[in-house]
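We did not get these values from a lab; they are worked out from the coordinates using the rules stated. Keep in mind that what you see is a predicted model, and the values were worked out from it rather than measured. Cβ placement follows ideal geometry from the backbone for every residue including glycine, while neighbour counts extend to all protein chains displayed.
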Amino acid sequence: MKRINLFVFATHHLSNNVAAQRFKGLLKYLDPAKYRVFIFTREPAAAAHAADLPPGLDVTVFPLAGHCVGSESSVSSSLLMLAAAFIRPLPLLLARFDAPSRPWFISALKEADRLCREKLAMGERCVAIGTYSPIDALIAAATLAHRYGIVCLQDFRDGLVFEPLGKPGWLRTAIRKLVERRVVEVSDLITSVSGPLVDDFRRRYPDKTSKVLPNGYDPSDFAGLVNDADSEKQAAAIMARYVPAGATLIGHFGRIGASDASASTSLDCFIDAMNNTVAGMANVHVMFVGALTPSERASMERAKFSISVLEPVERRLALQLMKQCDKLLLLTGSRASCATGKIFEYLAAGADILCISAVRNAATEILAETGAGQTLLTRDLAGDAGALRKLLAPPAERASRNIKAYSKVEQAGMLDNWISQMVLT
């Protein structure tokens with residue numbers, strides 16, 4: 001049987017952002033006898049490559065230069081992107097000209113167009129996949145799918161219209177709705193990270209098929225830690241330097257408000273509750289590892305309990321440190337769709353998860369569903385001084401955990417099934 005060619009537009013595939021590279025783990029578990037994969041991504045800021053893809057899978061990664069729509073966008077590039085969403089031939093017309101500063105999606109489409117035309121001429125099947133954010137990847141996938149009439153999967157790892165990223169305002173909201181409608185128009189399947197987002201797509205696009213494709217953890221990331229003597233040694237050195245002997249260690253990894261500004265309020269709530277609780281508690285130490293905002297660092301200076309704040313560390317070292325924690329701290333804000341990427345690595349690390357959140361959301365639902373942790377809402381935390389103490393106490397018996405649905409192996413099987421249904425039926 002001829003293989004299926006996947007043209008994956010994943011702008012942050014080579015970045016260190018766990019949520020942004022969600023297809024990276026999925027693709028490695030696809031059947032190499034069935035799939036050939038082409039990944040179009042942005043050139044990384046520092047040297048990086050998709051080294052964790054097994055050699056048996058036929059994967060070609062195209063790291064391409066160029067700006068994407070976002071905080072660094074000029075007005076002209078944003079207008080070009082908007083025009084490309086509505087004038088479908090425009091990106092491929094522009095791809096004929098070798099401009100030194102052209103947008104990323106133009107370069108990505110130039111490569112994809114050549115390869116897709118070649119594979120279709122050989123009688124092979126092709127699928128276009130775009131994953132947001134940024135919006136550039138969705139527009140590139142929609143353009144390729146429309147040009148050749150191939151199957152298109154549009155993936156939203158964040159909200160574009162429902163709890164959107166980016167600046168607010170009625171004009172921006174109206175433009176987001178128009179662009180979203182255009183990229184969804186050519187899609188055969190819409191996927192997104194959580195139930196609330198998918199429910200919103202189903203309500204607004206009842207004629208389209210929408211499914212939950214959650215973020216997840218890659219079992220091989222944790223299997224590789226067993227014989228990683230370097231990261232083990234580094235983790236031991238950090239523990240010896242920062243964590244008091246015999247302390248119950250609560251760890252938080254990654255960003256807080258830089259990913260979701262409302263989560264910084266949950267941090268403040270946690271610090272206030274710890275200040276009110278720590279006097280009656282045994283030896284507890286809280287360790288924050290990751291990029292924090294100046295205001296978050298200022299909040300941590302109010303801590304009356306044992307605390308350490310570390311700069312971001314290499315990912316393997318972060319995973320080793322997670323495995324040393326007695327509790328893993330998750331801070332989420334007021335976004336109902338929020339299932340921050342770190343929760344999935346927390347699941348695989350094994351420690352009980354303590355979530356402080358402004359609302360019940362996708363992350364708190366995952367904790368309840370898997371039995372991997374407990375949630376305290378900020379309003380309850382502020383009103384009950386003993387609530388945090390109860391959750392920090394060692395459990396009488398360990399809860400039963402079922403995290404299989406969030407394994408990349410399991411999810412790759414789902415993705416394979418969906419693509420097969422679209423392409424082979």
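Tabulated results
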| item | result |
| --- | --- |
| Net charge dipole size for the chain [Lys, Arg +1 and Asp, Glu -1 on Cβ; Debye, nearest 20] | 820 |
| Part-to-part distance (alpha-carbon centres) for segment 225-250 and segment 103-148, which is given in Å | 45 |
| For segment 180-235: Kirkwood Rh in Å [reciprocal of mean 1/r, alpha carbons] | 14.1 |
| For segment 219-404, the Rg and Dmax computed from alpha carbons only, in angstrom | 15.5, 46 |
| Pairs of Lys in segment 259-410 closer than 24 Å at Cα, counting only those 8 or more apart or on different chains | 13 |
| Spin-label pair Ile87/Arg181, simplified geometry with 7 Å Cα→Cβ offset, distance in nm | 2.0 |
| Contact order normalised by residue count of segment 124-174, Cα under 8 Å, 6+ apart, percent | 34 |
| Pairwise label distance in nanometres, Ser101 with Asp207, each label 7 Å out on the Cα-Cβ vector | 4.1 |
| Qualifying trypsin sites (Lys or Arg not before Pro) for segment 301-340 [loop in DSSP, other Cβ within 10 Å: at most 15] | Arg302, Lys304 |
| Protection proxy ranking of 31-38, 343-350 - average other beta-carbon atoms within 10 Å, highest first | 343-350, 31-38 |
| Estimated 222 nm signal from helices in the chain, with DSSP H stretches of n ≥ 4 weighted -39500 (n - 2.57), rounded to 500 | -12500 deg cm²/dmol |
| R0 of 35 Å, Cβ-Cβ distance Ala387-Ala258: FRET efficiency to nearest 0.05 | 0.80 |
| Largest-first principal axis extents, alpha carbons of segment 101-185, Å | 47, 29, 18 |
| Which of Ala349, Cys325, Ala412, positive extreme of dipole for segment 308-425 (C-beta unit charges) | Cys325 |
| Charge dipole (the chain, unit charges on Cβ, about Cα centre) - positive-most of Leu14, Val423, Tyr242 | Val423 |
| Rounded FRET efficiency, nearest 0.05, which uses the C-beta distance separating Asp380 from Lys323 and R0 of 30 Å | 0.55 |
